[in-house]
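Asker: Before we start, here is the structure in question, set down as structure tokens.
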Amino acid sequence: MTHKEDCLICGAPLEYLNADEEMTCALCGKKEPSKTRCSAGHYVCNDCHTQGMDTMVSLCLRHRGRDPMALLMQLMEQPWCHMHGPEHHVMVGAALLTAYRNAGGALELETALGEMLRRGRQVPGGACGFWGACGAGLSTGMFVSIATGATPLSKESWGLSNTMTSHALQRIGAVGGPRCCKRDSFLAVCAAVEFCREKLGVHMDCSVPACPHYHRNAQCLGSACPFHS
């Protein structure tokens, strides 16, 4: 089966450099340091990569289900969501916040989603490899932080937020690389649903998807992925 590659401009595979170089976004012309470009030299900044993602808020506000995985799958079908990219660093937390509220968790959803957008967008593409922390896993910690009102000076909520992130990253790391933003997002959501039930007393549902995106991922693990159909 033919795989789609990674560059949003030409479809060529991405290259990851050992050190930052000044890149010019092929869509908006912004210059900034980055380690990522395609083999043809194109670079797309995080802002352009997530263009249109603000519509996610209205989709989440209309959703009434308790299953964050079902909502995440819907968000992945939106035109602004690509096979890989920093949009996943926001979508995971947004789906969890929505299902958490619908399952009885106490929060003002529109405010929480706005905060999730602001925080998640600060995690750049490639964090999984360059930071040693997948953005989908970090998104679960942001979710718990927002849901519990954590700050750097909090006690219990500070601990819960960091523990949530560690659980998600452990689940993601156990499967191994190379990265797949879809697989890692699914794993992060599964870990968060379990965590919320055990630590926060909020019982969300969690379906287990058969991934419909594997043919778009040139690095798909195939049968080694727990979601491969």
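The values are calculated or read from the model by the stated rules, or taken from the named source; none is laboratory data. Since the model is a prediction, treat every value here as computed from it, not as a measurement. All Cβ positions, glycine included, derive from the backbone under ideal geometry; neighbour counts span all protein chains shown. Note: areas computed on protein heavy atoms with side chains; ligands, DNA, RNA excluded. Shrake-Rupley method; radii C 1.70, N 1.55, O 1.52, S 1.80 Å.
Asker: Determine the principal axes of the Cα atoms in segment 28-84, then give the extent along each, sorted from largest to smallest and rounded to whole angstroms.
Answerer: For segment 28-84, the Cα spread along each principal axis is 43, 19, 17 Å.
Asker: Would you mind getting the Kirkwood hydrodynamic radius of segment 11-126 from its Cα pairs, rounded to one decimal in Å? List each step's numbers first, then the result.
Answerer: On the way: mean 1/r = 0.0654 Å⁻¹.
Over segment 11-126, the inverse of the mean reciprocal pair distance is 15.3 Å.
Asker: Please compute, over every Cα-Cα pair in segment 120-162, the percentage with a separation greater than 12 angstrom.
Answerer: 58 percent
Asker: Right, another one. Could you calculate the FRET efficiency of E22 with Q219 from 1/(1 + (r/R0)^6), where r is the beta carbon distance between them and R0 is 25 Å, rounded to 0.05?
Answerer: Values: r = 27 Å, r/R0 = 1.08.
The value I calculate is 0.40.
Asker: In whole Hz and in residue order, list the ³J(HN,Hα) couplings for segment 49-65 that follow from phi through the Karplus curve 6.51 cos²θ - 1.76 cosθ + 1.60, θ = phi - 60°; x for Gly and Pro.
Answerer: Residue by residue, segment 49-65 yields 5, 10, 4, x, 5, 4, 5, 4, 4, 5, 5, 5, 5, 7, 6, 10, x Hz.
Asker: Hey, another quick one. Test of understanding: given the chain, find the longest segment containing no trypsin sites (Lys or Arg not before Pro) that are in a DSSP loop and have at most 16 other Cβ atoms within 10 Å.
Answerer: Excluding the exposed sites themselves, the longest stretch runs over 156-229.
Asker: Normalised radius of gyration for segment 94-229, please: alpha carbon Rg relative to 2.2 N^0.38 Å, two decimal places.
Answerer: So segment 94-229 has a normalised radius of gyration of 1.04.
Asker: Looking at the chain, send over the antiparallel percent of its DSSP beta bridges, to the nearest 5.
Answerer: Here the antiparallel bridges make up roughly 80 percent for the chain.
Asker: Now, a different point. Run the accessible area of segment 69-136 with a 1.4 Å probe and give the carbon-and-sulfur part as a rounded percent. Walk me through the numbers before you get to the answer.
Answerer: Working: 1210 of 2380 Å².
The nonpolar share, carbon plus sulfur, comes to 51 percent.
Asker: Run through all the Cα pairs of the chain and give the fraction in each 10 Å bin from 0, expressed as whole percent.
Answerer: 8, 34, 36, 18, 4, 0
Asker: Over the chain, with the other protein chains present, what is the accessible area per residue in square angstrom, probe 1.4 angstrom?
Answerer: On the way: 10570 Å² over 229 residues.
Spelled out: the 1.4 Å probe surface of the chain, per residue, equals 46 Å².
Asker: Quick test of the membrane-span-like rule: which DSSP H helices of the chain reach at least 27 Å along their long axis (C-alpha atoms) with mean Kyte hydropathy at least -1.0?
Answerer: Answer set is 156-175.
Asker: Determine which residues of segment 187-229 fall in the zone a paramagnetic label at S39 would reach in this model, i.e. backbone nitrogen under 19 Å from the point 7 Å along Cα→Cβ.
Answerer: Flagged as within label range: 215-221.
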